[in-house]
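The block underneath contains the structure these notes are about, expressed in structure tokens.
The values are calculated or read from the model by the stated rules, or taken from the named source; none is laboratory data. Worth saying up front: this structure is predicted, and the values here are computed from it rather than measured. Note that each Cβ is placed from the backbone with ideal geometry, even for glycine, and that neighbours are counted across all protein chains shown. In case anyone asks, the SASA skips ligands and DNA or RNA and just uses the protein heavy atoms, side chains included. Shrake-Rupley method; radii C 1.70, N 1.55, O 1.52, S 1.80 Å.
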Amino acid sequence: MLIFMFSYIKPCLRFFLVNFQQFSQRMARNNLMHERNIYRRVPDFTQLAIKFPEFLKVCSLDLNGTAHVDFKNPDTLRILTKCLLKQDFQLDVEIPPGKLVPTLPLRLNYILWIEDIMEKMGIAVPVGMDIGCGASCVYPLLAAKWKGWQMFGTDITDEIAKSARENVSRNQLEEKIHIIQQEENAPIFTEVLQNRESLHFCMCNPPFFDDTTTSPENRTGRRAAPRNAPTGNSTELACSGGEVAFIERILEESIKVSDRVSIFTTMIGIKHDLGVLVKKLRHKGITNYIETHFCQGNTTRWGLAWTFREDLLLRRVPCINPSPSDSNRKSVNFSLSNTSEESVRFIIEKLKRIFRDLEAAIEVLEESTSRVDWIVRAHTNTWSHQRRKRRQMLQNEPSATTSPERKKIRLDDKPILVAEVFLTPRDNQVKLELMYLNGELGRDGIHQVLQYIINNWRRTDQKTPVRTEEQNEEDLETISKQELGS
């Protein structure tokens, strides 16, 4: 009898443990979504099946009446997406068979990231453009219905443009969404900008693959097979040169319309391509950009945004998750006995003293006991070869004992390093983060400065000659005149 019971309980227990582990992993990944993404909580497929008979037909029920979804079936994915759009956003969307089925958690992550950028710009109801809106027209529909934005959608195919217009009309959103069919090689922004003086942003979900292949190169051989069925036709998935060539075209045209489109954004499907595209931005002299990554379930995509506006620093926009490839950021945590205002002010003054020792000018963007945000500019490398300098001082060499006068910054001097400095107290710690913005020393300079701060953190308690506030303000005034003149 005991043997019979054990043989019955053992497979049930194994089934429970496997499903619990999968559920825990899925929830852990969902926590990486944008904090306002409603799909951080997994949809209740059982309730969805009760509410929508068409979904009930394509899902399976276990003995307990719980609905299970076959994500390997393209028709199931298509009907699931239609039902979720109807239930959560009151959108009636037809997705033609054989066309790309949008992954809703990913689409929401992208829209919410753009919303964060628009909030920093102070734009409540932006006007945007979706480059390649697709047959479902999901980005314009969500942006218009969910957020109340004005949208333009473009595509190059008759059939897709017609389907997109039908979805707009079906949801009575013609006043907020305009679909434009473009020629394949026509300029991307020209026709839309004939209807509008300017746009606040553009977005794009480009064809990821080169038209010679329909799957990414597996460089390591360790990439697992996709868990969802592939959807979409060749036009939606691939183009000549893949997403790098497609986005590079947007980049080239963004320079021509830099005064009419505020923010340029794109999704990136292959991690390697993100680094390639960032290098292309820098090659064009574009340093005002930001990276992020969109994590939803087992899928990760990346986001890249850039602007030519001088009044908006994109790196101040919060990331959903800072991109692992964003090596411009270096950080360190300092422990505190407590996070009282006195302790935090002490840290702020101490950090100021270190930067002044380095003869770096500090521009205060924000400074309080809850957050510090500075722009730091250095014109000379005063932090390298510190061991050699200390050794010279111990040996009382003339070169070390004679203190040279502080170098006067000239109008034609360019900073060798420009960085943004963030200081954030949290849980008896202060996080110090340095982010490279510009300068010939590049990201290595950020690493060197951070290492100097770590090495000299305790030494700054000793009395050392430092630059005065007047000297710092004098440098900032000179730098401002230099930037205005350039």
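Some observations on this one:
- Test: residue in segment 89-108 that is surrounded by fewer than 21 Cβ atoms within 10 Å (Cβ to Cβ) and within 22 Å of VAL261 (Cα to Cα): no
- Of all the residues in segment 149-194, those that are assigned to a helix (DSSP H, G or I), among the charged types (D, E, K, R) and either touching a strand residue (DSSP E or B) at 6+ places or on another chain (Cβ under 6 Å) or buried (at least 19 other Cβ atoms within 10 Å of the Cβ) (or both) number 2.
- Among the residues of segment 195-246, those that are in a helix (DSSP H, G or I) and at pLDDT below 70 comprise SER234, THR235, GLU236.
- Residues satisfying the stated conditions in segment 62-105, i.e. farther than 15 Å from CYS133 by Cα and of a type in the set (A, V, I, L, M, F, W, C): LEU63, ALA67, VAL69, PHE71, LEU77, ILE79, LEU80, CYS83, LEU84, LEU85, PHE89, LEU91
- Selection count where residues are of a type in the set (A, V, I, L, M), open to solvent by less than 10 Å² (accessible area, probe 1.4 Å) and either in contact with an Asp or Glu (Cβ under 7 Å, 6 or more places away or on another chain) or free of Cβ contacts under 8 Å to residues at least 24 places away in the same chain (or both), scope segment 115-148: 0
- Pairing residues of segment 245-274 that are in contact (Cβ under 8 Å) with a residue 60 or more places away in the chain and farther than 16 Å from TRP113 by Cβ with residues that are open to solvent by 20 Å² or more (accessible area, probe 1.4 Å) and among the aliphatic types (A, V, I, L, M), at Cβ distances under 9 Å and at least 6 apart in sequence or on separate chains, gives ILE270/VAL244.
- Total residues in segment 298-321 satisfying the condition of being over 20 Å from LEU441 (Cα atoms) and open to solvent by less than 20 Å² (accessible area, probe 1.4 Å): the figure is 8.
- The residues in segment 27-60 that are open to solvent by 30 Å² or more (accessible area, probe 1.4 Å), in contact (Cβ under 8 Å) with a residue 60 or more places away in the chain and either of a type in the set (S, T, N, Q) or touching a Gly at 6+ places or on another chain (Cβ under 7 Å) (or both) can be counted, and the count is 1.
- Pairs with Cβ under 9 Å, 6+ apart, first in segment 335-350 and closer than 17 Å to ILE362 by Cα, second open to solvent by 70 Å² or more (accessible area, probe 1.4 Å) and modelled with pLDDT of 85 or more: ILE348/GLU367
- Residue pairs meeting the criteria (Cβ under 6 Å; at least 6 apart or on separate chains; first touching a residue at least 12 places away in the same chain (Cβ under 8 Å), in segment 62-86; second open to solvent by 30 Å² or more (accessible area, probe 1.4 Å) and aromatic (Phe, Trp, Tyr)): ALA67/PHE45; VAL69/PHE45
- Here GLU440 passes the criteria (1) open to solvent by 70 Å² or more (accessible area, probe 1.4 Å); (2) more than 30 Å from LEU312 (Cβ to Cβ); (3) modelled with pLDDT of 80 or more except the one numbered (2).
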